[in-house]
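Before any comments, here is the structure.
The values are calculated or read from the model by the stated rules, or taken from the named source; none is laboratory data. Given the structure is predicted, the values throughout are model-derived calculations rather than measurements. When we count neighbours, we look across all protein chains shown, and the Cβ atoms used for this are built from the backbone with ideal geometry, even at glycine.
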Amino acid sequence: MDVRYPSIKKIRILAVICLGILLGAVASDAAHAARIKDIANIRGVRQNQLFGYGLVVGLDGSGDGNKSLFTVQSLASMLEKMGVTVNPNDIAVSNVAAVMVTAELPPFARSGGRIDALVNSIGDAENLQGGTLLFTPLKAADQQVYAVAQGPVSTGGFVVGSASGSGVQKNFPTVGRVVNGALIEKEIPNKFNQKQSLTLTLHSPDFTTSSRVARAINIAFYDQIARTHDAGTVEVKVPEKYMGNVVALVTMIESLGVTPDTISKVIINERTGTVIMGENVRISTVAIAHGNLSIEIREDARVSQPLPFSRGGETVVTPESEVQVQEGNNPIFLVNSGVSIAAVVKALNALGVSPRDLISIFKALKAAGALQAELEII
């Protein structure tokens, strides 16, 4: 019997073709995937808000007036701590402004690092331009001081006025920023590399997305280390080989691609006439008719003059009005059940509807139960 086997060359060509098809499918999925880093964050790795009360000095007469009693008292208290005893009634604070200072302490910040501080006037100061923020301790929610702010205030704006009261203003000169003006004095204790488990929190909770995240992690590590607790939480157990090196584990997890799932939703902004529709929006079998009633009123002025050489005649202007009423005669369009968003847009465009009319149509579709999506009006 003569049995012919395929040549090695043909087998290689077939293998290359199969590999190309496989890589094409993987690339197609990856093109629609998002990194876990972009759709979730690790619980506990976040910023912390800091705040404090301080004084901005060196203003050119644009500070708080003497009516701001807290500014006067703060200045007197500060001078007293420096050994200068003054009467608050003898202090003019036109060059001083009381401010609230805020900052955000990033995760894993270390002592000696610097962050920006935002300065906001709380008195009747008109302009913080050119001022200097004095030593201001910044506290967290636990009332512990984690940073100290001090330095020149940059407003990024200006106010120019004249004696008549007119002027020009750019941005908000009562709010400024001290760039790198807050010095970190205390660290937030964090033993990240000693964790035995991680908790991923999705930015947009969804059961399908959380299941896909857990499945992608388990496939990547060839082990069932991830499981979902709810629609927005995925718990990851740190494998043995990553104990003490959790940063490397997080680096691998954040780079994994996952295609997030979303609910069908139509967003409507009636103030601007904006309509946003998701790709999964579907419409049940429904007939849509759209017609407009157009009323046009024209009014012309005609001049009536008397005949030549007539006595007692005068020129008179007489108004002449013309009213036209037109009603749209658009046909009824039938939209089949389960059509895609492309077919919906095509059918609505065929009706010649504007965004304002489209809002009314979607409201009616939702009321009729034909819109298979969530309708949100903002």
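Values computed for the structure shown
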{"read-out": "Counted residues, the range 209-228 - those being farther than 17 Å from residue 35 by Cβ and loosely packed, with under 13 Cβ neighbours inside 10 Å", "value": "3"}
{"read-out": "Unmet criterion (only one of (1) surrounded by fewer than 20 Cβ atoms within 10 Å (Cβ to Cβ); (2) at pLDDT 85 or above; (3) not in a strand (DSSP E or B)) for residue 109", "value": "(1)"}
{"read-out": "Verdict on residue 93 being modelled with pLDDT under 85, closer than 22 Å to residue 136 by Cβ and of a type in the set (Val, Ile, Thr)", "value": "yes"}
{"read-out": "Residues that are surrounded by fewer than 20 Cβ atoms within 10 Å (Cβ to Cβ), of a type in the set (A, V, I, L, M), touching a strand residue (DSSP E or B) at 6+ places or on another chain (Cβ under 8 Å) and part of a helix (DSSP H, G or I), drawn from the range 53-106", "value": "78"}
{"read-out": "Residue satisfying condition, being more than 14 Å from residue 64 (Cα to Cα) and touching a helix residue (DSSP H, G or I) at 6+ places or on another chain (Cβ under 7 Å), within set 86, 93, 101, 119", "value": "86"}
{"read-out": "Residue in the range 211-228 that is at pLDDT below 90, among the hydroxyl-bearing types (Ser, Thr, Tyr) and either in a helix (DSSP H, G or I) or touching a helix residue (DSSP H, G or I) at 6+ places or on another chain (Cβ under 6 Å) (or both) present", "value": "no"}
{"read-out": "Top-ranked residue of the range 30-52 - restricted to ones that are within 23 Å of residue 141 (Cβ to Cβ) and buried (at least 19 other Cβ atoms within 10 Å of the Cβ), ranked as modelled with the lowest pLDDT", "value": "42"}
